[in-house]
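Laboratory data are not the source of any read-out in this text; all were calculated from the coordinates shown. All values reported here derive from a predicted model rather than from experimental measurement. Cβ placement follows ideal geometry from the backbone for every residue including glycine, while neighbour counts extend to all protein chains displayed.
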Amino acid sequence: MSLGPAAARVGHLLRLLALVCCATGAAQARAEPGRAGELFAALRPAVVQVRVIDLASGDKAVLGSGFQISADGLVATNFHVVAEAVHEPGRYRIEYPGEDGAAVALHLLDVDVVHDLAILRAATPLPGVLAQASSELSQGERIFSMGNPLDLAMTIVEGNYNGFVAGARYRKILFSGSLNSGMSGGPALNQRGEVVGINVSHGGEQISFLVPVSYLAALQKKALDPGRAGKDMAARITEALLADQDGYFGALLAETWSSQPLGHFRVPGSLGNTVQCWGASDEIDEELFAHIGQECGSDDTVFVGEGVETGGLRYSFHAYSSEDLGLVRFYSLLDGQYAHSEWFADTDAEQMGNFDCREDFLTGQGIEWRVSVCARRYTELPGIFDMSVAMVTTSYAQEGLVANLALNGVSEPRAREFLRRFVESVSWAP
Amino acid sequence: MGALMLRLSARHGRGVEFHRIAPEGLSVGRGLGNALIVSDPYLGAEQFRLQPDDGTLWLEVLDCTNPLRVNGMVRAQERVALRAGDRIEIGRSVFTVLDAAAPLPPALSLAASPWERLGLWRAPIALMLLLLAGVVVGGIDFLKSTGAPQWDELALAGLTICSMALGWAAFWSALAGLLGLHADFWVHLALAAITGLLWFGGMEALTYVAYALAADAEGFLAAAGWLMGAALMYLLLSSALSLSTPLRHPVLAALAATAGAYALMGLQDVAERDDFVAQPQPYTVLRAPFARLRPALDYPAFEAEVGELFAGLPEAEED
């Protein structure tokens, strides 16, 4: 559709204005700064570098960015920027460098661990406040991100809004622009300079992610609720994680699971739209067996602290069959495959208890299994567990199915419900 | 009483000598002036004298530096009447009085050990045992493979166990040779081959037993493997020591050595049991269905086990 006469007249006027601007600009021998430059100049006073300082050495331990969201000094950033100070308040303090370079204290007010947000209160409010956008963005719309990458300087980056990440468990804006370490917690702005999201992570060249601003608005409202003041941070984090896991696994369990063939077995395929499955079959000429594999999972995890993430869900099915290997050799083959998968993040004894396991034979859906179940606790998150399951069929002479399941950061009831459903979801379909 | 003989043997070892006791007597000691010179450091220069007198053989103990026992009783500077079959012990040496006219009692026969009775068959038997060990190890490897047989790899697995056994036998017979003792390469080789067979075949058998009987096959295997390893090490080491060394109590020595080593390993196991491991232990056991003896649980029973697992999880350590 054409712009029409009225639009043409406005366009002409704009061109004239632009020419005037260019004329004055040329007199100063300087290029026009563009929208990014204008936004930077106007909003710079509301954006700061957030520093987490190691009290023992007095040096910075973590750097990120933040911005003021209210005139009385509320500053928003990412949870992961201040996570160390949240978990060990006695070892760290949080501050920002004031205009004169002097450090100004920031006090932790509240966190949303699931969406990676934190709100801090500045001892001295910043001179500017950023407004939060209320209107929706349209695909391809130009947006701007501010922050201090790699401790270099405060910068502004242009990019495009590309909607929400498909199949993500936690809603994230796909920002086709370049975010770098240190920009975490900085604001992403629309053309009017309103906050549309919070910088959170990057996934590759020109692939970055933003937390939608609506979660920040919700956290801000919650943070000021007087009923929440008495709760310590660990309790708030545990509560939020349990509610999130409960909601997520509850929704998965409420669904009807799809069923697809894998060799002579039927197994569940992907669950919901957050779990992706990949084919993992291989054919090796020298081997006397056939193998069909499927590996599924959601890698959308919640960062809780160094080495602690929750929310991972992975499972896999590998079907083996052979007419040439005898019974003993075929089960030797299955014995080699029947093992727990190493799907858990490397962590340490400070964060996690040790795994404990149980192994036994189980009959389910007419199939006999050898099953090993392992579980462990999270040190600082009571009621949250990791569970790993390895299963192998023992019913058939020339066919076997090895199944693995790993749940990350889940409550015991949900883990047990999920396991039951997982066992029930496999059937023999010769 | 007719003519008497004296049989001299080392307390541990296989060398045996026979000496006729002349009517004028027989002096025994480390000194060169004796009629019977025994190079045992525990004997005195002139340790004792045997004197036939009017149908009786008298023992005169001449040196009391080290205790001399006759049939287990310590005797010091006295005359003791001896009869055929009496046993004199001092230091590393054992003397037995024999009747020259009577046949040698079986207990003192040189071919006392069943192994020694095999004579020339010893070498082929040891080699057959070695071959059997190699075949068993190669066979176990074959059962664990999932492709067409790779003969070179299977042969290599068998050869590895054979070369280990050969090395073990060579070491102990060389050690015995160096110490001037009876050094039978074949007996050491047979021992090593039997141990290899028991170890590899035994571990495989244990895995089946664990799978058939134990809910927690891994724990069962760890305990059973440890015990079997300790027992085999003890048997092998104590036999090798008693065959090859002049130690007074090789069995005790071997026991002490192996018990010490295994106690250390056990302590290390216990110490590492609580070490943090980021991933669930990947080791589980599966064997062919015919090996299964435990009935499978139905879901409620299995879920109760999972419930126990969660309830029993160790509390994480707080700083």
If a helix is a whole DSSP H run, which ones in chain A reach 24 Å or further along their own axis (Cα) and hold a mean Kyte-Doolittle hydropathy of at least 0.0? A:4-27, A:233-254
Counting only residues 5 or more places away or on other chains, whose amide H sits under 5 Å from the amide H of residue A:117 once H atoms are built in the peptide plane? A:79, A:112
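Please compute one quarter of the surface area of the Cα convex hull for chain A and express it in square nanometres.
28.9 nm²
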Roughly how compact is the range A:18-226, stated as its Cα Rg over 2.2 N^0.38 Å to two decimals? 1.03
Cut-off 10 angstrom, C-alpha nodes, Gaussian network model of chain A. Which of A:56, A:390, A:375 fluctuates the most? A:56
For A:376-383, what's the mean count of beta carbons from other chains sitting within 10 Å of each residue's beta carbon? 3
Using only helices, what value at 222 nm comes out for chain A when you add -39,500 (n - 2.57) per DSSP H run of length 4 or more and divide by the total residues, to the nearest 500 deg cm²/dmol? -7500 deg cm²/dmol
For the protein assembly as shown, with the dipole built from +1 on Lys and Arg beta-carbon atoms and -1 on Asp and Glu ones, taken about the Cα centre, which of B:290, B:164, B:115 lies farthest toward the positive end? B:115
Dipole of the range A:216-285, positive end: most advanced residue of A:264, A:278, A:254 [Cβ charges, Cα centre]: A:254
Counting other chain Cβ atoms within 10 Å of each Cβ in A:360-368 and taking the mean gives 5
Using all Cα-Cα distances in the protein assembly as shown, what percent lands in each 20 angstrom bin from 0 up to the longest? 13, 28, 23, 18, 11, 5, 1, 0
Can you list the GluC sites (Glu not before Pro) in the range A:242-319 that are in a DSSP coil and have 16 or fewer other beta carbons within 10 angstrom? A:255, A:283, A:286, A:306
Relative contact order [Cα under 8 Å, 6+ residues apart], chain B, whole percent: 13 percent
Determine the principal axes of the Cα atoms in chain B, then give the extent along each, sorted from largest to smallest and rounded to whole angstroms. 93, 53, 34
Mean other chain Cβ within 10 Å across B:288-301 is 5
Find the relative contact order for the range A:18-226 and round it to a whole percent, using C-alpha pairs within less than 8 Å whose residues are 6+ positions apart. 19 percent
Given a 10 angstrom Cα cut-off, can you work out which residue in B:179, B:154, B:264 is the most mobile in a GNM of chain B? B:264
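Relative contact order for the range A:239-428 using alpha-carbon pairs under 8 Å, separation at least 6, rounded to a whole percent?
23 percent
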Beta carbons within 10 angstrom, averaged per residue: use that to sort the peptides A:177-184, B:292-299, B:162-169, highest first. A:177-184, B:162-169, B:292-299
A correct Karplus calculation of ³J(HN,Hα) over the range B:90-103, with 6.51 cos²θ - 1.76 cosθ + 1.60, θ = phi - 60°, whole Hz and x for Gly and Pro, returns 7, x, 8, 10, 10, 10, 10, 7, 10, 8, 5, 7, 7, x
Environment charge at residue B:295 (Cβ cut-off 12 Å; Lys +1, Arg +1, Asp -1, Glu -1): -1
Apply the Karplus parameterisation 6.51 cos²θ - 1.76 cosθ + 1.60, with θ equal to phi minus 60°, to every residue of the range B:218-226 and state each ³J(HN,Hα) to the nearest whole Hz, in sequence, with x for glycine and proline. 5, x, 4, 5, 4, 5, 5, x, 5
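Using a 10 Å cut-off on Cβ atoms, rank the peptides A:348-357, A:127-136 from the highest mean neighbour count down.
Packing proxy ranking, top to bottom: A:348-357, A:127-136.
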If you put +1 on each Lys and Arg Cβ and -1 on each Asp and Glu Cβ, how big is the dipole of the protein assembly as shown around its Cα centre, in Debye rounded to 20? 640 debye
